[in-house]
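Q: One structure, pasted below without further comment.
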Amino acid sequence: MSDESRDADEGTPLTRRDARDGVPSDGVPLADTAFPTFDTDAIPPRPPLPTPVVAAGTAASGSDPLDTADHNAIREQWRAARDEFGTHVSRARDQLDQANERIKQRTGRDLILATLIGLAFGAALLGSLLFVKALFVPFALAAALLGVYELSRALRASGRRVDVVPQLIAAAFLVLSAYFAESWLSWVMLFVAVAFVIVWRLMAQMVAKDGRTYGDVLADAVISGFVQIYVPFLAGVALILLEQEGGQWWVLSFIAIAVAADTGAYAAGLAFGRHPMAPKISPKKTWEGFGGAVLASLAAGVLLAIFLLDLPWWAGVIFGASILLSATLGDLGESMLKRDLGIKDMSSWLPGHGGLLDRLDSILPSTVPALCLYFLLSPWVVL
């Protein structure tokens, strides 16, 4: 063969198979130091797969390392545990509901809702007094206005003529003046507020000309003035105490003692109550409950005096006893008022509590002894 033909053959490109196999068409293997021949014997052996752990008494499957029967057994155990837990929860819920119904039948109060609402109000009150005491002012104003509205509606439902809007206007001015004006101006504002609602009622009666008797008209006027004294004026006394130096701690203390007395009376009366305290006024109040209120209020008074008010323990006893007396009288007084009106609660706005005024009945009268004891017992007050 000529050189030209050899040169032509050498210029012919390799086929795909020859390139893959590394063997040219003439059968001579390619030799290239950059690409050495692949040696299959140099590949290390594959490590063995881990042997699954098999429980004693069972045989491992050669094809599936995890037995399906074990999966099903574990699933059944989890399902049984979940069902058992759900059964325990349902049983505990039923027992709690039954206990709550028994308490509700005995005391007329839904314990769960009463506790939750009480905690919510307590948290709001505590937050307003701990951080910025001025935040307590809108809290007290809203409580006073709602109390006036509840009491006015209850009186109107019993046949009394009470003007709601004038009552709210006078109450707002009376409460705000207690904090933002001089203390002595509160008495002036009380006189103005009482005179305002009485004159409004008399003028409204003159315009109506419905033949109402003089006795009923006089009763309406006196009751209108009583609303201003009972709710906004006593709420304003709390704001007078709040305005003093360290007054926020005294406000927090007397409210805490009143709540402790109410809680102690409720718990002791529920557990040991047998002898009614004032059956014609409040049949569910017992002497055993009053004993619980005494212990709770005195203990709270001593602890608060020592750790919060920087007072001796005997001052805490006086403080606790004074708030206990005012809170008890306020509670009985509101019960007498509701019995005279023929109602059980002032309203139904607060489930488990009745109305807002039903919760303020022991707190509002306690503002007066709290303010008096502040000036008598506070070590930093100079009269």
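The values are calculated or read from the model by the stated rules, or taken from the named source; none is laboratory data. Model, not experiment: these values are computed from the prediction. Note that each Cβ is placed from the backbone with ideal geometry, even for glycine, and that neighbours are counted across all protein chains shown. Surface accessibility is based on the protein's heavy atoms, side chains included, excluding ligands, DNA and RNA. Shrake-Rupley method; radii C 1.70, N 1.55, O 1.52, S 1.80 Å.
Q: When the range 248-296 is examined, which residues are found to be assigned to a helix (DSSP H, G or I), within 20 Å of S335 (Cα to Cα), open to solvent by less than 60 Å² (accessible area, probe 1.4 Å) and not hydrophobic (A, V, I, L, M, F, W, C)?
A: Result: D262, G264, Y266, G269, E288, G289, G291, G292.
Q: All but one of (1) crowded, with 21+ Cβ neighbours inside 10 Å; (2) at pLDDT below 90; (3) among the basic types (K, R) hold for R212; which doesn't?
A: (1)
Q: Now, a different point. Pairs under 8 Å by beta carbon, first residue within 24 Å of A305 (Cα to Cα) in the range 322-343, partner among the aromatic types (F, W, Y) and open to solvent by 30 Å² or more (accessible area, probe 1.4 Å), six or more apart or different chains?
A: Taking only residues 6 or more apart or on different chains, the pairs are T328/F290.
Q: Which one of W380, W314 is out of contact with any Cys (no Cβ under 7 Å at 6 or more places or on another chain), farther than 28 Å from F226 by Cα and either modelled with pLDDT of 85 or more or small (G, A, S) (or both)?
A: From the options W380, W314, the qualifying one is W314.
Q: Please count how many residues of the range 297-321 are in contact (Cβ under 8 Å) with a residue 60 or more places away in the chain and in a helix (DSSP H, G or I).
A: 3
Q: Regarding the range 222-239, can at least one residue be identified that is open to solvent by less than 20 Å² (accessible area, probe 1.4 Å), over 38 Å from the mean Cα position of the chain (by Cα) and under 16 Å from L155 (Cα atoms)?
A: no
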